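Undergrad: For reference, the structure I am asking about is given below.
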Amino acid sequence: MAVGYDKHLDEALASLHDEGRYRVFTDLARKAGAFPRAINHSATPPVEVTVWCSNDYLGIGQNAEVMDAMKTAIDTMGTGAGGTRNISGTHHMIVELENELADLHDKEAALVFTSGYISNEATISTLAKLLPDCLILSDELNHASMIEGVRQSGCSKLIWRHNDLEHLESLLRDADPARPKLIAFESVYSMDGDVAPIEAICDLAEKYDALTYLDEVHAVGMYGKRGGGIADRDNLMHRLDIIEGTLAKAFGIMGGYIAGKQNVVDAIRSYAPGFIFTTTLPPTVAAGAIKSVQLVKQADDLRVRHQERAETLKTMLEKAGMPVLRTETHIVPLMVGDPVLCKAASDRLLNTHNIYIQPINYPTVPRGTERLRITPSPLHDDEMMGALVDAVQEVWAHLDISCDLPELITAPAAQ
């Protein structure tokens with residue numbers, strides 16, 4: 001009897017369609033020097049759209065100096081890295097980049113990976129394996145890459161309620177004092193836009209002799225005097241054992257990294273399969289990242305402008321009666337609460353108003369809290385914001401979407 005492979009796959013895809021969760025990728029071409037404009041090639045004929053959901057938070061991916069650095073690297077060093085760092089050697093641009101990142105976070109060393117996902121998965125799983133009988137304490141809203149790192153470690157885990165210090169302390173109190181413990185959490189949680197109580201978590205880590213692992217991917221570049229993240233802003237970097245970040249958001253390039261003590265970084269470099277067996281970032285990408293990090297360290301005025309733009313948009317949406325979730329960060333969640341309506345709202349904004357905002361559905365967020373996640377940049381001007389608010393009002397009225405804020409639900413994904 002035939003297994004019926006196609007039938008199984010077709011049924012799996014059909015279930016996504018039935019739930020309104022089937023993902024459609026819009027064919028966009030960003031316009032260099034014209035951020036946040038892009039060309040929508042999914043339309044016939046292609047049309048210009050305004051992008052409102054990019055993780056290139058500061059628009060640095062369009063910066064002329066960054067692009068020139070990448071062009072120079074191609075001209076002088078070619079395109080690819082030639083292989084893994086173990087086999088082909090570490091090209092000089094990666095060495096310089098790691099020095100810049102260690103300096104950014106005031107740490108002894110840094111290690112660059114091909115993505116933020118890999119840096120989380122490889123570091124958490126490897127570090128926990130190296131610590132005998134390690135207990136991992138993971139915030140329930142941690143990113144999928146952190147959850148996967150916990151799983152891959154094979155170590156015991158305890159999930160603490162999101163940002164609940166009393167719950168975290170109760171778990172630490174019950175653990176064997178002599179047992180290695182790793183507290184894994186984020187600074188800015190990218191869907192609800194809230195911030196972890198980093199100082200209090202560090203206090204608990206010191207009290208119960210635990211290591212801290214902080215994911216700053218949605219904060220590096222945008223907070224702190226030099227863009228080191230929330231821990232930089234709050235003068236807490238020295239209290240964190242490992243800081244993980246990305247080059248693909250505020251720095252506008254690609255790649256992930258960790259920063260910490262020399263022996264911690266060296267242990268991950270020496271043991272993590274996700275690092276050892278992967279071709280490193282090419283010189284052109286590393287060169288662009290170096291220039292970007294250098295520029296962002298000096299761009300406090302850009303960070304101030306970024307926060308002002310986010311606050312301005314939240315206020316405009318609130319005054320228009322739209323269900324915007326008030327956050328303390330640059331994340332602007334516009335709540336829908338239904339997967340089918342969320343996709344329909346995204347489609348109408350794109351096809352009727354030439355505004356691109358990707359729908360956020362389960363499992364990225366819990367069912368019932370579907371949303372449009374808006375990320376204004378310093379380059380979104382008042383005219384763009386006015387057009388967005390007008391468009392959102394039209395779409396909500398046309399689709400009869402509720403303007404009431406749905407109750408937030410935690411734990412979008414099982415750990």
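Undergrad: Just one of ALA250, ALA259, ALA299, ALA289 is open to solvent by less than 30 Å² (accessible area, probe 1.4 Å) and over 19 Å from the mean Cα position of the chain (by Cα); which is it?
TA: When all the criteria are applied, what remains is ALA299.
Undergrad: Something else: Residues being closer than 16 Å to CYS53 by Cβ, at pLDDT 95 or above and open to solvent by 30 Å² or more (accessible area, probe 1.4 Å): count how many of those fall in the range 359-381.
TA: 1
Undergrad: Given the criteria crowded, with 24+ Cβ neighbours inside 10 Å and under 26 Å from GLU370 (Cβ atoms), does ASP194 qualify?
TA: The answer is no for ASP194.
Undergrad: While we're on this one: Taking the options ALA38, ALA2, ALA32, name whichever one is open to solvent by 70 Å² or more (accessible area, probe 1.4 Å) and closer than 30 Å to ALA387 by Cα.
TA: Checking each option against the conditions leaves just ALA32.
Undergrad: Name the pairs whose Cβ atoms lie under 7 Å apart, with the first residue in the range 159-173 and open to solvent by less than 40 Å² (accessible area, probe 1.4 Å) and at pLDDT 95 or above, the second among the aromatic types (Phe, Trp, Tyr) and in a loop (DSSP other than H, G, I, E, B), and 6 or more positions between them or separate chains?
TA: LEU172/TYR208
Undergrad: Another question, then. Kindly check whether there is at least one residue in the range 262-271 that is surrounded by fewer than 22 Cβ atoms within 10 Å (Cβ to Cβ), under 22 Å from the mean Cα position of the chain (by Cα) and of a type outside the set (Asp, Glu).
TA: No.
Undergrad: Then there is this: Mind telling me which of the residues ILE124, ILE94 ends up being closer than 17 Å to ALA259 by Cβ, touching a residue at least 12 places away in the same chain (Cβ under 8 Å), crowded, with 21+ Cβ neighbours inside 10 Å and in contact with a Gly (Cβ under 6 Å, 6 or more places away or on another chain)?
TA: ILE124
Undergrad: Please go through (1) assigned to a loop (DSSP other than H, G, I, E, B); (2) under 19 Å from HIS306 (Cα atoms); (3) open to solvent by less than 10 Å² (accessible area, probe 1.4 Å) for MET385 and return the number of the only condition it doesn't satisfy.
TA: Only one criterion is unmet by MET385, namely (1).
Undergrad: Those residues that are open to solvent by 30 Å² or more (accessible area, probe 1.4 Å) and at pLDDT 95 or above, I need them from the range 308-340; list them, please.
TA: GLU308, GLU311, THR312, THR315, MET316, GLU318, LYS319, GLY321
Undergrad: Moving on to the next point. If a residue has to be open to solvent by 60 Å² or more (accessible area, probe 1.4 Å) and either of a type in the set (A, V, I, L, M, F, W, C) or free of Cβ contacts under 8 Å to residues at least 60 places away in the same chain (or both) to count, how many in the range 97-113 make the cut?
TA: 2
The values are calculated or read from the model by the stated rules, or taken from the named source; none is laboratory data. Keep in mind it's a predicted model, so treat the numbers as computed, not measured. So basically every Cβ, Gly included, is an ideal-geometry build from the backbone, and we count neighbours across all protein chains shown. These area figures cover heavy atoms from the full protein model, side chains too; ligands, DNA and RNA do not enter into them. Shrake-Rupley method; radii C 1.70, N 1.55, O 1.52, S 1.80 Å.
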